[in-house]
Structure formats: structure tokens, C-alpha cells
1. Given the residues Arg141, Arg97, Arg65, Arg113, which is the only one that is in contact with a Cys (Cβ under 8 Å, 6 or more places away or on another chain), free of Cβ contacts under 8 Å to residues at least 40 places away in the same chain and not polar (S, T, N, Q)?
2. Answer yes or no: is there a residue in segment 59-80 that is closer than 22 Å to Glu18 by Cβ, out of contact with any Ser or Thr (no Cβ under 9 Å at 6 or more places or on another chain) and crowded, with 17+ Cβ neighbours inside 10 Å.
3. Please determine, by comparing only the residues of segment 32-56 that are among the hydrophobic types (A, V, I, L, M, F, W, C) and not in a loop (DSSP other than H, G, I, E, B), which one is farthest from Gln81 (Cα to Cα).
4. Is segment 89-97 home to any residue that is over 30 Å from Asn128 (Cα atoms), within 18 Å of the chain's Cα centre (by Cα) and modelled with pLDDT under 95?
5. Go through segment 64-77 and give me each residue that's in a helix (DSSP H, G or I) and among the β-branched types (Val, Ile, Thr).
6. Out of everything in segment 79-129 that is basic (Lys, Arg) and outside any loop (DSSP other than H, G, I, E, B), what residue ends up being farthest from Gly55 (Cα to Cα)?
7. Kindly establish whether Leu61 is at pLDDT 95 or above and either in contact with a strand residue (DSSP E or B) (Cβ under 8 Å, 6 or more places away or on another chain) or part of a helix (DSSP H, G or I) (or both).
8. Suppose the filter is exposed (fewer than 13 other Cβ atoms within 10 Å of the Cβ) and modelled with pLDDT of 95 or more; does Leu83 pass it?
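The values are calculated or read from the model by the stated rules, or taken from the named source; none is laboratory data. Computed from a predicted model, the values in this text were never measured in an experiment. Neighbour counts are summed over all protein chains in view; Cβ atoms, including those assigned to glycine, are modelled from backbone coordinates with ideal geometry.
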Amino acid sequence: MKVEKKLETRRHSKLKMEIAILKLVSAERKQSHFTAIIDRGKKETYFFLVMELVGKSLSDLKSKRPLKVFSPSTGMGVGIQCLEAYEDLHKYGFIHRDLKPANYACGLGKRQRVIYILDFGIARKILNEKGELKTPRQTVRFKVHAKLNKQQCFETLKLT
């Protein structure tokens, strides 16, 4: 379950984007790399999304492995499924913009060998109404993740 507080200062709800993508892909759920929506909605002060339960993230699974790496065969299988999931997202006209092992997870039960792509909060539509690629932005704002030391990031940028 995901919950997002309504903020007047925020232009776009991250949860709204996630719901829009999951609703769009829900029509083709047979062997999908996307979780199903169980429920969604908004209350006076927050939005919520309840999704199908999935297993551990690839980041969690990798950290428990010896030397913190997958075997070559597991890595190949996982990599192929991650690319399939990303390709499926592109087919629907979106780009994820936050791909990392923590945003992929294994399924549960009969679907434990299926890799799911998660967290579409900063995803963006890349196709216009005609189905053509949108023109890329000329300038993009630089954001530093809250966990990073901002001064170190800017020092690194000066070197490049």
C-alpha cells in the first residue's frame, strides 16, 4: 500500500502517475511485469494505492548473496526480465526515470520467477497524442537526493 499526503505546493501527484500507468497496463495482465491495482482513491488529506503483494526487491535479494552479486545465470535471467518490463513500459509511451534494483521485485507463489517493475512516481509520458516521441526538454533542473551530501555533489559537478 502506498499513501501520499495532498500538498498544495506540489504540481503533480506522484501516486496519480503510478495509478495512471498501472490502470493503462492492467488490460494486458497475462504475463505482465506490472502489479495489479487492488484499490485506489483519495480522501480529504491523502491519496492511496493498494497493489498486488510482491516479494523482495532485487536490491534486497542481491545484498543477501555471497559477495552481493547474482550468479551469471540468475543475473542473465533477471536482466532479461528487467529489460522486458522496461520495454513494455516504453510500449505504453512512458519512461521510468528511476531504474534501480530497489524498483524491481520478484513475485510470490506461482509467480515467484516473474520480475515486477515498481515505483512510477517520477515516470513521464514520452509520446504525444499522435503516438510520436515528444521533443526532449532543452534544459533539465538538477535535483540532489535528500540522502546525498549536496556539497559533495556540486564539487563533483565542478570537476566534470
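1. Arg113
2. No, there is no match, as no residue in segment 59-80 is closer than 22 Å to Glu18 by Cβ, out of contact with any Ser or Thr (no Cβ under 9 Å at 6 or more places or on another chain) and crowded, with 17+ Cβ neighbours inside 10 Å.
3. Phe47
4. For segment 89-97, residues over 30 Å from Asn128 (Cα atoms), within 18 Å of the chain's Cα centre (by Cα) and modelled with pLDDT under 95: absent.
5. Within segment 64-77, Thr74 is the sole residue that qualifies.
6. In this case the residue turns out to be Lys125.
7. Details: at pLDDT 95 or above: yes; either in contact with a strand residue (DSSP E or B) (Cβ under 8 Å, 6 or more places away or on another chain) or part of a helix (DSSP H, G or I) (or both): yes.
Yes.
8. Working: exposed (fewer than 13 other Cβ atoms within 10 Å of the Cβ): yes; modelled with pLDDT of 95 or more: yes.
Yes, satisfied.
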